[in-house]
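Student: For reference, the structure I am asking about is given below.
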Amino acid sequence: MNKKAVFQSFIENEDLQQKTKLRKDKLEGLDYIDLIQDPLINTVKQTIVHMDDDSTVDKLARKLNQLFNNGQL
Amino acid sequence: MIIKSISLQDFQCYSGVHENNKFEFEKGLNVIIGDNGSGKSKLYDAFNWILYDRVFDSNSRGFFPTSTIRINLFSDKAKKGANVGDTITVEVKLHLENNLSSSSIGNEYFLYRTYTAKRKELIEDYNDLKGWELSHISTEKVETKDVLHFKLDNSPGIFDKVRKMLVPDDMMPYLWFQGEQVDSLIDFKKEESLTKAINALSDITVYDDIILVAEKVKDQANSMYEKEQSGLSKNKSEFDNWKTSKDKVEGKIKKEREVIIELTEQVEQSSEKINTLLGRIEDSERVLTLNSNLQAEKERSSTVSENLKSVTQNFNKNIFSKKWILRNTLPIWDEFESKRKNYQDKREDIVTSRKAERQIEEAQKMRLPVNIPNRKHLEDMIQENKCFVCDRELDEEHAKNHVIALLERAKNISSRGPLTKYNFSDFFERLYNIGFNNESAAKSADDSVNREIEKIQKLENEKRRLSENVDAVVQQLESLMQLSSLDLFTSKGIESAFRSTEKTKDTWQEQLTLSKSRLKNFEDELNSLNQNPPELKGEVQQQTIQRKELFNDFYLVAKSTRESVYDKQIRKIEAEANKHFHAMTSDNSSVQGRIILEKRGSAYLPKNVNSEGIEMSSINDSNIILIKLATIMAIVSMRGNSRETFPLITDAPTSKFSDNYTIGFCNTLGSIYAQSIIMSYDFFHNEALKKTLLENVKNVGAVYIIEPNTKEDNRENRDTLATYKTRIK
Amino acid sequence: MDLFEEIGKKRPKYALKYQKLMESFARKGAVDQKEAQESSYDLGKFFNTQYELYIYATFLGLSIDNPLPIENAEDGKGFIEVRSWKPDDVVNYLIMCVFAKSKIDFNDLEDMDEMGVQREMRAFSKLLEAYANGGLDYLNGLLNKGELSFDDDYCFVKLLKEVDTKD
């Protein structure tokens, strides 16, 4: 899984751009780890980051909720 | 990884040892040329069997494992020649080379698959399982090159490992296929067909997984929110009712959306059907019109035939009714005329003379004594009863009576009777009139006959002409029916099918509209419920609200991203497929425009459009195969990178092509596959095509011609069947 | 005396040797004209009735002027009387023709007594028979020579023309 490519697909999604009110030009060229703190983008990022061969849907969901509770999203 | 060689021992029509049945291959395009039934498909089967332990059956269009095929794997020759106690072995050996590896260790392999059978009983039908003791399964073996030599490799799972290096499982359908499988490999109408392809190319499943995660957290956040709401509600039961209503409406919304999807597909299908029928309706109308013309011609022809029969039947009747029989009688009529005239003249003479005689006689017999007054005076005198001579009454009875008697006698003489005994003048006059009346009929008999004969000839000509007309229309009709694959029944059906399909579509459309309207109502209802929640004692926590909003957005975004990624992949495949499609059809000037994959519901259907996106000709059978092949090649070319090279093995992929496409196809292969092995009939009889292949196609490796030692239609005795191969390049 | 009546009573004969001919080309005893026509055609017959063929033969005999009397009464076979023959005007025309050819002196006829007239009528009938016989003989001859092709629907019509040119 090319995580960078997957994340890139999300960033390029117009729906996401609308919801985060981010402009495309602001996103270009930035490495995905460096992006500004936006809850939605963070959610996407964290989901991708924590996805690996052992992860399950439940596990990832719990992780996201944990991150949210900790204010990390 | 490329295939260096394959060799077969007693594998179906390849009887004999490995050395006799060895094919060596190079990089680039390798071609096995053979007539139908020469063993090309069996060679393809050999590839399948060694790697996947199965062979393809074209009748059932499916694969069968060794455990089902069993004795049929072996060559007839081997089976025939086995005595009781003998063991026969079928074996296929594959020599592989990892051409990208620079290492001399582990870069070459021999793969073997072996299956044995022992003759336990000599039965005449050597295919009868009762005569054999068969192994349950075949055995696999790998030899790996170790510097200079090949050593048996027993590492666990080595066979599968090497196999996957050669052909990754997810790519296998697009690398090894038979021509007849192409249709189902890429079924544009089925979403799963394209999704499978996209999965082979990209990580679409990752997006699906993300959607699942997003859905889960969304549901959890929503549930958390509702729980809090419930806890805060002033009236618990009111809240519960509200919640229940919401759930109900949400359920209805979900259901209605499913219904809409189904109805949309129904409408799509009806539209497609209508389009198909439209295409045929013109033809079917022509068929029906021609048929009705035919019936009219047949009827006309029948009427003329009837007429002709009647006129012919009545022909001889005219001998009497039109008096043709009188044709030769004019001289006789003249004779009669003359005879009659003579008779008349003579009769007149006779009558006249006899009359005169009579008159004389009469006169003589009527003479009275000399000095008696003349008759008239006598009569007057008798009348007045007075004698004019002496002027006195005729009182003397005797004298008076005597005079009266004299007068009476004269009268009797004059009314004595006919002058001839019989008078046949009326009779002859009647005969004369008959002759007279029929004279013109006798004179014009010839004309009448000729007219009648002319009439008959005209009718015969007409009959012939109409019969030819009928034949012509029949031919037209038959030809049209063949070209359009329509018959009368179908044609009649098409018109009504069209009308009924239109009606059906309208019905579906109506239902769809209603459903959409219902959905809108449900959504409005839901909105209203959401906007008017029951009163709460307090406020839901901000965090809860934020979680809900965030994860709902996440879910929506996950779905739309997946969709756009999928669509992008389709576009990429489309672009890549167009590249290959144009490369393959560059020699065919009639092929223009480009192929687009148009989203229709859950499917993507190919259309041929010009640069403005307007649809051009509809896609026919041979084009669709080409498009599908181009799509397959796109999948492979997109998946492969410089580090991965997979061989293409295909049996009769070009069977539905014209010659131009075949060469185009061969030329394109080289740019996509490091190695391709194709079995083909096309070059067998076509010397020109073969020449083009050998001289003009790029990157041609090995070319073989295979021939069985006995012709297919002469194979009552298969037990000597062997396959000869000749390498011509 | 009505000569038409007298002639109408006659039953002319044809020579027995022509019976096959008569039966080959004519239907015997057809009742309904229309019905007879259709089946006659299908049966390959040319004439609906025997008398039609007889009339035809008589005209033929008259055309070739070849009267052949039937010598022996026993050699002859009669059929229906003349008054039943149809069509009337063709039959009367035939009578006219036979009269034309006969040796009967019309004027003398008128002076004969009844027996005499009967005698002449018998002679008339014999003459008609002779012409018919002559015609039949001619047809028979053609048949034997194979010059008459009865496959040809038009043969009897053609014959009328051929006979004329022979004359």
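Derivation of every value follows stated rules applied to the coordinates shown; laboratory data play no part. Keep in mind the model is a prediction, meaning the values are calculated, not measured. FYI the Cβ positions are ideal-geometry reconstructions off the backbone, even for glycines, and counts take in every protein chain you see.
Student: Antiparallel DSSP bridges in the protein assembly as shown: what percent, to the nearest 5?
Tutor: 75
Student: Another question about this same structure. Determine which lysines satisfy two conditions relative to C:Lys103: a Cα distance under 18 Å, and not lying fewer than 8 residues away in the same chain.
Tutor: B:Lys339, B:Lys341, B:Lys346, C:Lys126
Student: Pairs B:Lys93/B:Lys118; B:Lys273/B:Lys559; A:Lys63/B:Lys236; A:Lys19/B:Lys254; B:Lys93/B:Lys145: which exceed 26 Å Cα-Cα?
Tutor: Where the Cα-Cα span goes over 26 Å, the pairs concerned are B:Lys273/B:Lys559; A:Lys63/B:Lys236.
Student: Take the alpha carbon gyration tensor of region B:41-187, find the square roots of its eigenvalues, order them as a ≥ b ≥ c, and report rounded if a/c is under 1.5; if not, report prolate when a/b exceeds b/c, else oblate.
Tutor: In terms of gyration-tensor shape, oblate.
Student: When Cβ neighbours within 10 Å are restricted to other protein chains, what is their mean count per residue of peptide A:1-13?
Tutor: Mean shielding by partner chains, rounded to a whole number: 4.
Student: Taking beta carbons within 10 Å but only from partner chains, what does the mean come to for residues A:55-64? Walk me through the intermediate numbers first.
Tutor: Values: counts 2, 3, 9, 3, 1, 7, 10, 3, 2, 10.
That average works out to 5.
Student: Grab the DSSP H runs of chain B that are 4 residues or longer, score each as -39,500 (n - 2.57), total them, divide by all residues and round the 222 nm result to the nearest 500 deg cm²/dmol.
Tutor: Mean residue ellipticity, 222 nm, calculated: -20000 deg cm²/dmol.
Student: If you don't mind, there's one more thing I want to ask. Give a quick list of GluC sites (Glu not before Pro) in region C:80-167 that DSSP marks as loop, anything other than H, G, I, E or B, with at most 15 other Cβ atoms within 10 Å.
Tutor: The qualifying sites are C:Glu81, C:Glu147.
Student: Give the relative contact order (percent, whole number) for chain B; include only Cα pairs under 8 Å separated by 6+ residues.
Tutor: 27
Student: Turning to a different aspect of this structure: Over region B:117-255, calculate the relative contact order: mean separation of alpha carbon pairs under 8 Å at least 6 apart, over the residue count, as a percent. Let's see the in-between values first.
Tutor: On the way: 53 pairs, mean separation 11.4, N = 139.
The value is 8 percent.
Student: On to the next question. List B:Thr631, B:Thr205, B:Thr544 from most exposed to least, where exposure is judged by having the fewest other Cβ atoms within 10 Å.
Tutor: Lowest count first: B:Thr205, B:Thr544, B:Thr631.
Student: On to the next question. Give the average, rounded to an integer, of partner chain Cβ atoms located within 10 angstrom of each Cβ in B:210-216.
Tutor: Neighbouring Cβ atoms belonging to other protein chains average 6 per residue here.
Student: Among residues other than B:Phe428 whose Cβ falls under 11 Å from its Cβ, what is the net charge (Lys/Arg +1, Asp/Glu -1)?
Tutor: +1
Student: As a quick test, which of the pairs B:Lys252/B:Lys516; B:Lys317/B:Lys463; B:Lys309/C:Lys86; B:Lys246/B:Lys548; C:Lys17/C:Lys158 have an alpha carbon distance above 19 angstrom in this structure?
Tutor: B:Lys317/B:Lys463; B:Lys309/C:Lys86; C:Lys17/C:Lys158
Student: Determine the relative contact order of region B:624-703: mean sequence separation of Cα pairs under 8 Å and six or more apart, normalised by residue count, in whole percent.
Tutor: In percent, rounded to a whole number, it is 31.
Student: When B:Thr244, B:Thr89 are ordered from fewest to most other Cβ atoms inside 10 Å of their Cβ, what list results? Working shown, then result.
Tutor: On the way: B:Thr244 10, B:Thr89 13.
Going from sparsest to densest Cβ surroundings: B:Thr244, B:Thr89.
Student: Could you name the lysines in cross-link range of B:Lys628, using Cα to Cα under 19 Å and dropping any fewer than eight places away on the same chain?
Tutor: B:Lys189, B:Lys190, B:Lys196, B:Lys568, B:Lys572, B:Lys579, B:Lys599, B:Lys607, B:Lys656
Student: Output the 0 to 90 degree angle, nearest 10, between the alpha-carbon long axis of helix B:542-585 and the longest principal axis computed from the alpha carbons of chain B.
Tutor: For helix B:542-585, the angle is close to 60 degrees.
Student: Give me B:Phe239, B:Phe388 sorted ascending by neighbouring Cβ count inside 10 Å, so fewest comes first.
Tutor: Details: B:Phe239 20, B:Phe388 12.
In order of increasing Cβ crowding within 10 Å: B:Phe388, B:Phe239.
Student: Rounded, prolate or oblate: which one fits region B:127-171, using the alpha carbon gyration tensor with axes a ≥ b ≥ c (rounded when a/c is under 1.5, else prolate when a/b beats b/c, else oblate)?
Tutor: Oblate.
Student: Exposed loop GluC sites (Glu not before Pro) only (DSSP loop, at most 12 other Cβ atoms within 10 Å): please give the longest stretch of chain B free of them, not including the sites.
Tutor: The reported range is B:125-395.
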